[in-house]
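Everything on this sheet refers to the single structure shown next.
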Number of protein chains: 2
Amino acid sequence: MKKLINDPLNVTDESIEGFTKAYAHIIKQVASRVVARKDAPIEGKVSIVVGGGSGHEPEMIGFVGVGMADASVYGEVFAAPPPPSILTATKAVDGGKGVLYIYGNYAGDNMNFDMGAEMAAEEGIKTETVRVWDDVASGSPENYKDRRGLIGDLFVVKVAGAKAETGAVLDEVKRVAEKARDNCRTFAVALSPGTIPATGEPTFTIGGNKMYFGVGAHGEKGVKKTELKTADEAVEIMLKAILEDLPFHKGDEVCIIINGYGSTTLMELSIVNRRTHELLEENGIKVYHTEMGNFLTTQEMAGCSITLMKLDDELKELYDAPAYSPTINKYPALLSKR
Amino acid sequence: MKKLINDPLNVTDESIEGFTKAYAHIIKQVASRVVARKDAPIEGKVSIVVGGGSGHEPEMIGFVGVGMADASVYGEVFAAPPPPSILTATKAVDGGKGVLYIYGNYAGDNMNFDMGAEMAAEEGIKTETVRVWDDVASGSPENYKDRRGLIGDLFVVKVAGAKAETGAVLDEVKRVAEKARDNCRTFAVALSPGTIPATGEPTFTIGGNKMYFGVGAHGEKGVKKTELKTADEAVEIMLKAILEDLPFHKGDEVCIIINGYGSTTLMELSIVNRRTHELLEENGIKVYHTEMGNFLTTQEMAGCSITLMKLDDELKELYDAPAYSPTINKYPALLSKR
């Protein structure tokens, strides 16, 4: 796959710089791989630091803003951010009330953020951690802590960011983040791979008329390879896995994310969303709100994921709270029209 | 290219339905191919109707909302909407103060919207038309009315929608729409084609290490085929064509659109945006705001376009006015932070 880039070894730095220029009214670059909200640090507010490998844009960098994350820290493409960068992000946004780390549950990220937390502690900054493990295809319900993080972190960051804006203490922000995380389930499919900029190599190979169910955000092979299915058939398989896992019940109210992985058109995502809403209605599950778009990409991988978050009154209020970030915007004055 | 769809002949209808379900807090479907803002018709406000072929999502359907378009009307993939659908959209949103049609300058759209306008006139509804022809690669400056419309309509609809919200009369809304249109210039490139859902055929063929400059939004062949260039080299060629055309001068202030055509990653768009900002600064042109993302797609075509709109005080005020739509949101209360 051809890419419109310069030196493949500079894609992370150049894209962070270019992304920040597009959203300079919301974010600022505070170090080579660290982007913070423009008005950080905010005294007396718990801060939220997110991060992970680059190459998934807009994922983590799109979450930085008002009512969302205070900073995002990057590694190379698909690689965890180094601990010193995590420390830099932590110090850049600490407002004296502690810092919550939210990131996907991958070995490299876990290790590096834990080291970053130790370094922060040495500097007198208290941190807590919420790892997101929403991918039901990557581990059994009993071993949920082995599961990978997918786009569920969008909901976790939205909820935690809203709580932090209320002036809540670190433990309270962590509590709602964990509640959002524990109420999220995601399932992903892929039709064709993305390619890694530095090598030009696809993340996996797959036959011309095949698709993968249960694929990971770095192109990790899925749990099942099948003939290409229709959108409606694929949604039925994906939703069944999600609904049985939490499990979701008749009468539940949910938020949805229909996430595209790169080259899947919004036309396709809309068709996926159509069947998702139909099936939820058939199951007696009420949809409160839907986020649809490319939030977590795997370069130009073709595929999508469906995420459900089960709501309660607290999560609903935090989900609707004001937010102003590249990826998610909530504006109560206009939202009241719904 | 594999697609996650059902019957290829139903993609337009199913995607409109699914898109509307995702944005049911903003839009409603009022006929099989017509989507209107949820609170339409609004008495005493000039209404704006946009439209074109489907397959470019989110393009026109994403423009429907508060401070934007009142309705969007669709044809099949890459085909103009039929006149009866245009009439349906017009009647659905007319608030007694007239309707402005805004759409890309293509023969089929021109003919069908003109017929729709005649049918509306027979029903006593006054209409005016603004055709968008921002693609500098598709005609000489003298024959600008032969030029194709690209994503410049995002700015034209934003400005016209804001003006309509003030209660302005039809001629005034048309005047600012034309001013925005006349101040916009776009140039597009493509690296690989999209495919048409109904046929599975690519919109063009191109060598493995080639790219097109000056490509159209339906995969119309570009004005120049070259070896694949770096992002920085491509931006230099694109911006030169744009800056010389209006022309833009030192001291001008502009808004930018960095548009992705489908499978070009946000990482690449960010790298394109980085060089765009650098070059504008070198030319003494000030950037007021940047919109970056997939706004007008050609299925999963790889490529992007750059649009500049030259601002004056009136355009700036209308650009910043409140908007609430799937694609563009402006919240003055939060924007004041910038």
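The values are calculated or read from the model by the stated rules, or taken from the named source; none is laboratory data. In this text the structure is predicted, and so the values were computed from the model without any measurement. So basically every Cβ, Gly included, is an ideal-geometry build from the backbone, and we count neighbours across all protein chains shown.
Working only within region B:290-299, note down all residues that are surrounded by fewer than 24 Cβ atoms within 10 Å (Cβ to Cβ) and within 7 Å of another protein chain (Cβ to nearest Cβ). Hit for region B:290-299 is B:Thr290, nothing else. In the set (1) within 11 Å of chain B (Cβ to nearest Cβ); (2) polar (S, T, N, Q); (3) in contact (Cβ under 8 Å) with a residue 12 or more places away in the chain, the condition left unmet by A:Asn283 is number (1). Does region A:108-118 contain any residue that is within 14 Å of chain B (Cβ to nearest Cβ), in contact (Cβ under 8 Å) with a residue 40 or more places away in the chain and either touching a helix residue (DSSP H, G or I) at 6+ places or on another chain (Cβ under 9 Å) or assigned to a helix (DSSP H, G or I) (or both)? No: region A:108-118 contains no residue that is within 14 Å of chain B (Cβ to nearest Cβ), in contact (Cβ under 8 Å) with a residue 40 or more places away in the chain and either touching a helix residue (DSSP H, G or I) at 6+ places or on another chain (Cβ under 9 Å) or assigned to a helix (DSSP H, G or I) (or both).
Quick grid of which residues meet (1) out of contact with any Pro (no Cβ under 8 Å at 6 or more places or on another chain); (2) more than 30 Å from B:Asp7 (Cβ to Cβ); (3) not hydrophobic (A, V, I, L, M, F, W, C):
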{"position": "B:Gly161", "(1), (2), (3)": "yes, yes, yes"}
{"position": "B:Ala188", "(1), (2), (3)": "yes, yes, no"}
{"position": "B:Ile206", "(1), (2), (3)": "no, no, no"}
{"position": "B:Phe213", "(1), (2), (3)": "yes, yes, no"}
{"position": "B:Gly216", "(1), (2), (3)": "yes, no, yes"}
{"position": "B:Ala234", "(1), (2), (3)": "yes, yes, no"}
{"position": "B:Leu239", "(1), (2), (3)": "yes, yes, no"}
{"position": "B:Leu246", "(1), (2), (3)": "yes, yes, no"}
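Among the residues making up region A:154-201, those that are in contact with a Gly (Cβ under 6 Å, 6 or more places away or on another chain) and of a type outside the set (Gly, Ala, Ser) are A:Glu165, A:Leu170, A:Cys184, A:Thr186, A:Val189, A:Leu191, A:Pro193. Only one of these conditions is not met by B:Gly62: (1) within 11 Å of chain A (Cβ to nearest Cβ); (2) assigned to a helix (DSSP H, G or I); (3) more than 14 Å from the chain's Cα centre (by Cα); (4) touching a residue at least 40 places away in the same chain (Cβ under 8 Å). Which number is it? Just one mismatch for B:Gly62, condition (3). You will find that of A:Lys316, A:Lys250, A:Lys310, the residue that is closer than 19 Å to A:Arg185 by Cβ, more than 20 Å from the chain's Cα centre (by Cα) and surrounded by fewer than 24 Cβ atoms within 10 Å (Cβ to Cβ) is A:Lys250 and no other.
Of all residues in region A:128-138, which are assigned to a strand (DSSP E or B) and aliphatic (A, V, I, L, M)? Hits for region A:128-138 are A:Val130, A:Val132.
Note on region A:110-126: among residues that are in contact with a strand residue (DSSP E or B) (Cβ under 7 Å, 6 or more places away or on another chain) and surrounded by 23 or more Cβ atoms within 10 Å (Cβ to Cβ), the one that is farthest from A:Ala180 (Cα to Cα) is A:Ala120.
Within region B:68-89, the set of residues being in contact with a Pro (Cβ under 8 Å, 6 or more places away or on another chain) and more than 25 Å from B:Ile42 (Cβ to Cβ) comprises B:Gly75, B:Val77. Considering region B:37-77, the residues that are surrounded by fewer than 24 Cβ atoms within 10 Å (Cβ to Cβ) and of a type in the set (A, V, I, L, M, F, W, C) include one that is nearest to A:Ser263 (Cα to Cα), namely B:Val77. Looking at region A:246-278, which of its residues are hydrophobic (A, V, I, L, M, F, W, C) and within 25 Å of B:Ala302 (Cα to Cα)? Scanning region A:246-278 gives A:Ile257, A:Ile258, A:Leu266, A:Met267, A:Leu269, A:Ile271, A:Val272.
Yes/no per residue for (1) of a type outside the set (Gly, Ala, Ser); (2) at pLDDT 95 or above:
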residue	(1), (2)
A:Asp252	yes, yes
A:Ile258	yes, yes
A:Ile285	yes, yes
A:Glu291	yes, yes
A:Thr298	yes, yes
A:Ser305	no, yes
A:Leu318	yes, yes
A:Ile328	yes, no
A:Lys337	yes, no
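State whether the residues of region B:249-271 include one that is under 15 Å from A:Leu4 (Cβ atoms), among the basic types (Lys, Arg) and not assigned by TED's automatic domain parsing to the domain that holds B:His56. The answer is no, given that none of the residues of region B:249-271 is under 15 Å from A:Leu4 (Cβ atoms), among the basic types (Lys, Arg) and not assigned by TED's automatic domain parsing to the domain that holds B:His56.
The residues of region B:257-279 that are assigned to a strand (DSSP E or B) and either among the basic types (Lys, Arg) or within 8 Å of chain A (Cβ to nearest Cβ) (or both), listed by number, are B:Ile258, B:Gly262. Considering only region A:127-151, state which residues are surrounded by 15 or more Cβ atoms within 10 Å (Cβ to Cβ) and among the hydroxyl-bearing types (Ser, Thr, Tyr). Answer for region A:127-151, where residues must be surrounded by 15 or more Cβ atoms within 10 Å (Cβ to Cβ) and among the hydroxyl-bearing types (Ser, Thr, Tyr): A:Thr127, A:Thr129, A:Ser138, A:Tyr144.
You will find that of B:Val215, B:Val189, B:Val173, B:Val223, the residue that is closer than 28 Å to A:Thr265 by Cβ, buried (at least 24 other Cβ atoms within 10 Å of the Cβ) and out of contact with any Cys (no Cβ under 7 Å at 6 or more places or on another chain) is B:Val215 and no other.
Matching residues to (1) more than 23 Å from B:Leu150 (Cα to Cα); (2) among the small types (Gly, Ala, Ser); (3) not assigned by TED's automatic domain parsing to the domain that holds B:Leu239:
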{"residue": "B:Glu43", "(1), (2), (3)": "yes, no, yes"}
{"residue": "B:Ala80", "(1), (2), (3)": "no, yes, yes"}
{"residue": "B:Val132", "(1), (2), (3)": "no, no, yes"}
{"residue": "B:Asp135", "(1), (2), (3)": "no, no, yes"}
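The set of residues in region B:1-54 being more than 10 Å from every other protein chain (Cβ to nearest Cβ) and more than 30 Å from B:Val173 (Cα to Cα) consists of B:Pro8, B:Leu9. Can you find a residue that is among the hydroxyl-bearing types (Ser, Thr, Tyr), at pLDDT 95 or above, within 25 Å of A:Asn259 (Cβ to Cβ) and in contact with a Ser or Thr (Cβ under 8 Å, 6 or more places away or on another chain) anywhere in region A:3-13? Checked against the condition, which is being among the hydroxyl-bearing types (Ser, Thr, Tyr), at pLDDT 95 or above, within 25 Å of A:Asn259 (Cβ to Cβ) and in contact with a Ser or Thr (Cβ under 8 Å, 6 or more places away or on another chain), region A:3-13 yields at least one hit. Checking every residue in region A:117-136 against the condition of being among the charged types (D, E, K, R) and farther than 29 Å from A:Gly44 by Cα gives at least one match.
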